[in-house]
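What follows is a set of notes on a single structure, which appears directly below.
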Amino acid sequence: MTPDLSRRGLLLSSGSLAAVPLTGPTEAQSHDTMPATPMAAPTLWRFFTADQASLVAAMVDRLIPPDAEFTGAVGAGVPQFIDGQLAGAWGSGARLYRLGPFAEGTPEQGYQLPYTPAELYRTSLSLVADWVRGGYGSRFEELDPRLQDEALRSLESGEAGFSELPSDAFFETLLANTVEGFLSDPMYGGNRDMVGWRMVGFPGPYAGYVNLLDRHGLNFNRPPRGIAEALREHAQHHAPTLQR
Amino acid sequence: MRPALPLALLLLAGTAAAAVELLGNPPSPRQVASGRAVAAGAGGQGQQGACFACHGFDGAGQAAAGFPALAGQSAEYLHEQLERYASGARPNPIMQPIAAAMTPDQRRDVSVYYAAQPPQASAGARPQGDPALLQHGGNLSAIGSAERGVQACQNCHGPGGIGLWPNYPRLAGQPADYLAAQLRAWKQGERPGDEPYNFMANIAARLTEDDIRAVSLYFASVRTVPRQAGTGVLP
Amino acid sequence: MAQRLPEVDVVLVGMGWTGALLAKELTDAGLKVVGLERGRARQTVPDFQSPTMHDELRYAVRHGLMLDPSTETLTFRNFTSQTALPIRQLGSFLPGVNLGGAGVHWNGQTWRFQESDFVLRSHLRQRYGEDIIQDGLTIQDWGLTYAELEPFYDRFERICGIGGIVGNLRGEIQPGGDPFEPPRSNPFPNPPMPQPYAAALFARAAEQAGAHPFPVPTANLSRPYTNPYGCAMQPCNACGFCERFGCEHFAKASPQVCVLPKVLGHERFELRTGSTVTRVNYDRQGKRATGVTYINGRGQEVEQPAAIVALCAFSYHNVRLLLLSGIGTPYDPRSGEGTLGKNYTYQTMSGVSVFMDPDVNLNPYMGAGALGTAVNDWNGEAFDHSGLGFVGGAYIAAYQTGGRPIERHPVPQDTPRWGAGWKQAVRRHYNSTLSLTVHGSSMPHRGNYLDLDPTYRDSLGNPLLRMTFDFPANDRLMSDYVTDRAVDIANRIGGKVEAARRTGLYSVVPYQTTHNTGGAIMGQTPRDSVVNRYLQHWDAHNLFVMGACTYPHNPGYNPTDTVGALALWAARAIRDDYIGNPRPLVPA
């Protein structure tokens, strides 16, 4: 089995809920200053309150901001993706060992908090909102992008001192979920219009390339196609005109 | 009669453009025009072997006669088939002399031309058949058959057999007789496999005559609609 | 009160690779075999079909085919001075579940170990003197030789339809293959797959560096093939969804494709899914296993008596079951006494990335699990360790396993972790980054072991396994040395080269490999091992323990080929020697 031992792989391949203060640069540099795109169509949130959704949207659009060619996390539907994940089995702690006693471990021992992902978000979002209001005197969404980034860096480094949980545990979860939402199959609500796949050039789940392997350097740019899109197409084709 | 070529080029799907590029060149108007001339019978195959007579200038084919649609197939795939007809690797008494009479450039250009034609929305007569047979064909397409040891067609040919270019041809909307004939030819060894993998010869050998009729009918019944952009979010 | 069933000839605990192989070999020998699988049944059709199988989030990120940690996990610590805590979510390694086990979601990289690996302690002592082995390393001989195992490697590779180029045919070095591989009695049953651009770039650079590149032996089929059991396989189409996924094409060797078609439905075989074995029943006086107790799918406790018990679960699950059953003497790291849980080893991984010019198209999604090119010039005993201060080694490979973008979007180390700079870097490097894997050996250390956790329990109330592990200094030195070689090759490819070295403590968070080995090791005497050379338990001659838990150390190769070969080797001993005269096959 092949690990991805690039730094990014080490940071993100653990899935989510990285409670670990991971090594590597904690400062983000050269963020652009584009404001967060406002949410397009009204969304019926399944997990977030409207306030929480607004805060999450503002945060994730700094993590993956829009640029001239490719939209950012909000345009890609990342808040909707996270909302769906938290409302579902993953959010309620599926595939998480939840028996106690809970104790603070070493970074090498991984996530040891008693929170499910849903509980982690619920708890953290309210802490983040209060902390931003206390420190900056306004809502996160209203801050200048530079200050938004500064606040996110404080969450990332753990400097934002929450008593209930380490802020970096929440930040790493949010970051991992944002990347997932930007690059997962669009049937989960993110990667809208396959923007993430188009950005990197990933052709999606329909795949078969053995005849192309030895065409080295091939400029291959087939537009991607998603799972649900395909399933829908299949279902649609199941309605032929029948005559007995 | 003569369609406006520049307009046709403007209408090229990104799909077709990229497929052509796989052949080594972006499609030039001259190549498409040259390919159209070959389709009209100006190639080495002559007027008697004019492509359009069976496949149309629009590449829609003739379902009733079992002539397959060429529109929307990748240039790569079409070119490979013409080469195989020409060499006899894909035996066919009609296509072999036609393809062999073309020059390599003509085979390439006519492939580029037909790849550039957008697939036509299917209209008119719908395939008719036993609903149970259609359902069985749909299952083979989407799930495969554990009993036969056959994987789903759409693993390679895309959802509903819409094709996964450059190498996996579109099956959707092709004439049932054409599809069934190919499967039978593979099964009976009359159409050699695609060395070294022999994917289809291997799969067809496992299908029963019933399976062949079912899956051919299914793909023939797939409505060929222009691809809709959509995110396809699951509830 | 457990329901007690009639005795059967053989009960198998777990139905992955080794369970399937034993089921086939032992039913062929005329025995009645029951296979117990804690998960559910699943098959290529319908369970692995695409596009639903090609869902990176569900399967690769959320671990859809893996054992749910909420039913059973391990606790972990680096050192005995720490308190072990549960691995609450999977990370560093990914145990499978359900029929076929990890044989469904593996990549298919199929390597033989070197001749020296089987006699490592003797070999090192003879070649370099005793001092080469660092203090604390509990390296020992395996109790069987490569030459004895070779026919079984050959047979397992035929069962899998492995593709490759032979490098050493009965002692003659062959062009295009691995000149450092041990002698093979036969060429591979299939040719390799076509090598992608990244592999070709690596091969050229490796040759310039004086190394000897060859295509990695692959269990992703390169041709239509029918194996010696009569199971038909189909060729791989390089979809790029192997590891963590099931293969929809019948193209990746797995128990489902290569063995089970001839086992399921056999009159002498019965598969019972949903059956979680909780202990091996043991007659301490008679020194034999009497059968197993399991919880069935309805939650009832069932006792299945058997004349032969074989543990075929994933590596460390076998160790845990022995511990829970009280069979053998648990290892004590303070005194060095006891053998059960000793010599837990892993794999020492590092990597090198080459960030090439953005107009280089590597098309990483055109992949297969074992697609790639490797060099073994610095693996095992292929090179002279004199004066290096370590033993062992690693292969360096340019694999192209797939381009699934959530987990694979390489960026240089000076890239911001998020924001516009990150986004630009992901876009720029996705299609033009060549990754080298440095796949290193793991030497046993007296402080690295497995035992039962005193605190944490599984969903049935039984103690979890406790893992105590960190990379020994020997392996860190080895990894650095071979990583330097990889950097040298990478520099010849052209691009910005960055190494991800084996630094810091072992962590269970980032994925590394699912090559968990040792803990119920094989050896020459009951004083230093749990099972003998036939994988027969020293304390119960009708109890056989399969899998990588029997490796006294983990060489710098993927373990599955040896897992399969050893299972066939043990099956041969059971068939030809044990059944007619049940006894310890090696005098204690």
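No value in this document is a laboratory result; all are computed from the given coordinates. The structure displayed is predicted, hence computed values, not measured ones. A quick note on method: Cβ atoms are made from the backbone with ideal geometry, for glycine too, and the neighbour counts reach across all protein chains shown.
Worth a mention:
- Multiplying the residue separation of C:ASP357 and C:GLN3 by 0.36 nm and removing their Cα-Cα distance gives an extension gain of 120.8 nm.
- Distance histogram for region C:229-303 (every C-alpha pair counted, 10 angstrom bins, percent rounded to whole numbers): 16, 26, 29, 21, 7, 1
- Kirkwood estimate for chain C, i.e. one over the average of 1/r between Cα atoms, Å: 24.0
- Average Cα contact separation per residue, chain C, under 8 Å, 6 or more apart, as relative contact order %: 22
- Lys-Lys pairs in the protein assembly as shown that are eight or more residues apart or on separate chains and whose Cα atoms lie under 23 Å of each other come to 8.
- For region C:1-120, the Kirkwood hydrodynamic radius comes to 17.7 Å, computed from all pairs of different C-alpha atoms.
- Label-zone membership for region C:165-185, site C:ASP384, 7 angstrom Cα→C-beta point, backbone N under 14 Å: none
- The alpha-carbon positions of region A:37-203 define a convex hull whose volume is 128 Å³ per residue.
- Spacing of the two label points (7 Å from each Cα toward its C-beta) at B:PHE52 and C:LEU169, in nm: 5.7
- The antiparallel fraction among DSSP beta bridges confined to region C:3-578 stands at about 70%.
- Distance between modelled label sites at C:THR226 and B:ASP105, nm, 7 Å Cα→Cβ extension: 4.9
- Fewest-first sequence of B:PHE67, B:PHE199, C:PHE245 by Cβ atoms within 10 Å of each Cβ: B:PHE67, B:PHE199, C:PHE245
- Other protein chain C-beta atoms within 10 Å of residue C-beta, averaged over C:224-236: 3.
- Point-to-point label distance, C:THR503-C:ASP576, nm (Cα→Cβ direction, 7 Å offset): 5.3
- At an R0 of 30 angstrom, the distance between the Cβ atoms of A:ARG46 and C:THR80 translates into a FRET efficiency of 0.05.
- Calculated FRET value between A:GLU69 and C:ARG40, using beta carbons and R₀ = 51 Å, to 0.05: 0.65
- DSSP-defined beta bridges in the protein assembly as shown - what % are antiparallel, rounded to 5: 70
- Cβ-Cβ FRET estimate between B:ARG148 and C:GLN524, R0 fixed at 41 Å, reported to 0.05: 0.25
- Three-way shape label, region B:131-221, alpha-carbon gyration tensor, a/c 1.5: rounded
- Dimensions (Å) - the protein assembly as shown, Cα atoms, principal axes, largest first: 94, 79, 63
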